[in-house]
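Student: Here it is: the structure, laid out below.
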Amino acid sequence: MPSRRRPRRWLRKIVVLLLLFVAAVVAWEWLTWPDMAALARKNPPTTAFIERYRARQRAAGRDERVQRIWVQHGAIAPSLKRAVLVGEDINFFSHRGFDYGEIRLAVTKAMEDGAPPRGASTITQQLAKNLWLSPSRSPLRKLEEAILTWQLERTLSKRRILELYLNVVEFGPGVYGAGAASQRYFGKAAADLDESEAAQLAATLPNPSAWYPGATSAAYRRRVSSIERRMDRATFLFKQL
């Protein structure tokens, strides 16, 4: 009889430890969860992706400083907003954080290619990831991204979400936000970008470590041309910007 009870005691201990671990994780997430309402009033001083870049630079013994210039929504050229929308999230103004049509297309393509689905992330999802998360594609990280995206869409206006996004994304190694990118690559304010310059910046976003204005990559140049063609067709965005 004692030999039977011993395994049961160990099983109970394991279950209790697992429950305590889950409770600790939930408590930590609750205590460190971002304050969405504050983002309506305050600009984030840094992001998870910026701190990750700085950590990599320090580890390599390189300069960890980044280029950032915060720019208000109204001081960003409509051409850049349009270029980013056609390149990253054409349905931004009509969805609530998740573009289910794009998700279906990504899943279908993944099934055809026999690979995990990629792409289909909306601007809101990308903002959540840049501000608070990591590039990991783990189920837990994707769940956190989904919850944060849901909260962002229900707390902030579309205008504010787009403003935040354009000020925190990386437009080249160590260059974050439209203000810094405009000065770094074109020597002008973000308000003064023309359509060609806007397309060059928007084409940077999928691969900012290698694609940026001045890069000679053929894939980058194709991306720029593709965005320019889409901008010409997306005249409906003028009313929304």
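Student: Taking K and R as +1 and D and E as -1, what net charge do the other residues with C-beta under 12 Å from the C-beta of Val224 add up to? Write down the numbers at each step before the final one.
Tutor: On the way: positive: Arg221, Arg222, Arg223, Arg229, Arg230; negative: Glu195, Glu197, Glu228.
Summing Lys and Arg as +1 and Asp and Glu as -1 gives +2.
Student: Could you order Lys129, Lys42, Lys81 so the one with the most accessible surface comes first? Probe is 1.4 Å.
Tutor: On the way: Lys129 55, Lys42 125, Lys81 10 Å².
Greatest to least solvent exposure: Lys42, Lys129, Lys81.
Student: Sticking with this one: Collect residues whose amide H, placed 1.01 Å from N in the peptide plane, falls under 5 Å from the amide H of Leu193; neighbours closer than 5 in sequence don't count.
Tutor: Correct list: Ala77.
Student: Amide H of Lys188: which non-local residues (sequence gap of 5 or more, or other chain) have their own amide H closer than 5 Å, using H built in the peptide plane?
Tutor: For Lys188, whose amide H was placed from the backbone, the distant partners under 5 Å are Gln183.
Student: Residue by residue through the range 91-98, what is 3J(HN,Hα) from phi via Karplus (6.51 cos²θ - 1.76 cosθ + 1.60, θ = phi - 60°)? Round to whole Hz and write x for glycine and proline.
Tutor: So the Karplus estimates, Gly and Pro as x, are 9, 3, 7, 10, 9, 10, x, 10 Hz.
Student: Could you tell me which of the pairs Lys81/Lys158; Lys158/Lys188; Lys158/Lys239; Lys188/Lys239 are separated by over 18 angstrom between their Cα atoms in the structure shown? Could the numbers behind the result be given before it?
Tutor: Working: Lys81/Lys158 12 Å; Lys158/Lys188 26 Å; Lys158/Lys239 14 Å; Lys188/Lys239 25 Å.
In this structure, Lys158/Lys188; Lys188/Lys239 exceed 18 Å between Cα atoms.
Student: Taking every pair of alpha-carbon atoms in the range 118-191, give the share separated by more than 18 Å as a whole percent. Show your work: numbers first, answer last.
Tutor: Details: 1207 of 2701 pairs.
Within the range 118-191, distances greater than 18 Å cover 45 percent of Cα pairs.
The values are calculated or read from the model by the stated rules, or taken from the named source; none is laboratory data. Everything numeric in this text was worked out from a predicted model, so none of it was measured. In this analysis, Cβ positions are derived from the backbone assuming ideal geometry, glycine residues included, and neighbour counts consider all displayed protein chains. For accessibility, only protein heavy atoms count, side chains too; no ligands or nucleic acids. Shrake-Rupley method; radii C 1.70, N 1.55, O 1.52, S 1.80 Å.
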